[in-house]
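Asks: I have a structure here, written as structure tokens, and I will follow up with some questions on it.
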Amino acid sequence: MCDVVKTDALLALLLSNRQKVSFRELRQLRDRVVEANPDVVMDISAPSVDMAVRYYPEIFMFQGACVARANHAKRFFDSEYIRDEFLSTVPQEVTSELMACFQTAG
């Protein structure tokens, strides 16, 4: 069975620990995740990233070749909102695996 990680959940997870993530880092993360666990599927295509940023402008924004926290997003990341809104559908083991792969992608 595959675990699908939606783009907005992936961005929320990654930005919960930093201010921005580059598209290069997203590609590296995808490659590492596929190598480590081919049953995890995530869409980091330009249209899906663009849709996540447009749908949640109070949380995400474009900053050059990066997706960053929006100017007033701190209140969302400092509360349970990110966990409840985005991460509740992602199994904990997948969340841990994504973070481990992301830390080695840089």
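Asks: When a/c reaches 1.5 or more, the comparison of a/b and b/c decides; with that in mind, is segment 52-106 rounded, prolate or oblate per its Cα gyration tensor? Intermediate results must be reported in sequence, preceding the final value.
Replies: Working: a/c = 2.11, a/b = 1.24, b/c = 1.70.
Judged from the Cα gyration tensor, segment 52-106 comes out oblate (a/c at least 1.5, b/c at or above a/b).
Asks: Over all alpha-carbon pairs of the chain, lay out the pair-distance distribution in 10 Å bins, whole %, shortest bin first.
Replies: Computed distribution, short to long bins: 15, 52, 30, 2.
Asks: Tell me, what is the FRET efficiency for Asn71 and Met99 to the nearest 0.05, using R0 = 25 angstrom and their Cβ-Cβ distance as r?
Replies: Details: r = 25 Å, r/R0 = 0.99.
The computed FRET efficiency comes out at 0.50.
Asks: Still on this structure, I have one more. Quick one: helix 46-55 against the long Cα principal axis of the chain, what's the angle to the nearest 10°, folded into 0 to 90?
Replies: Here the helix axis deviates by roughly 40 degrees.
Asks: Right, something else. Say each of Phe62 and Asp78 gets a label point 7 Å from the Cα, pointing the same way as Cα to Cβ; how far apart are those two points in nm?
Replies: It works out to 2.9 nm between the two label points.
Asks: Find out how many positive minus negative residues lie around Phe62, taking Lys and Arg as positive, Asp and Glu as negative, among other residues whose Cβ is under 11 Å from that of Phe62. Please report the intermediate quantities before stating the final value.
Replies: On the way: positive: Lys20, Arg54; negative: Asp50.
Combined, the nearby Lys, Arg, Asp and Glu give +1.
Asks: Give the angle, between 0 and 90 degrees and rounded to the nearest 10, that separates the Cα long axis of helix 92-105 from the longest principal axis of the Cα atoms of the chain.
Replies: So the inclination is approximately 90 degrees.
Asks: Among DSSP beta bridges whose residues both lie in segment 3-95, state the antiparallel percentage, nearest 5. Display every interim value, and only then the final one.
Replies: On the way: 7 of 10 bridges.
Restricted to segment 3-95, the bridges split so that about 70 percent are antiparallel.
Asks: Suppose every Lys and Arg Cβ carries +1 and every Asp and Glu Cβ carries -1, with no other charges. What dipole size does the chain come out with about its Cα centre, to the nearest 20 debye?
Replies: My answer is approximately 500 debye.
Asks: Let me ask you something else. Under 15 Å from the Cβ of Leu98, count the other residues' Cβ atoms, weight Lys and Arg +1, Asp and Glu -1, and hand me the total. Please list the in-between numbers first.
Replies: Details: positive: Lys6, Arg18, Arg27, Arg30, Arg32, Arg83; negative: Asp3, Asp8, Glu25, Asp31, Glu35, Asp39, Asp43, Glu93, Glu97.
Every neighbour counted, the sum reads -3.
Here, each number is a calculation from the coordinates, and none is a lab measurement. Fair warning: this is a prediction, and the values are worked out from it, not measured in the lab. Neighbour counts are summed over all protein chains in view; Cβ atoms, including those assigned to glycine, are modelled from backbone coordinates with ideal geometry.
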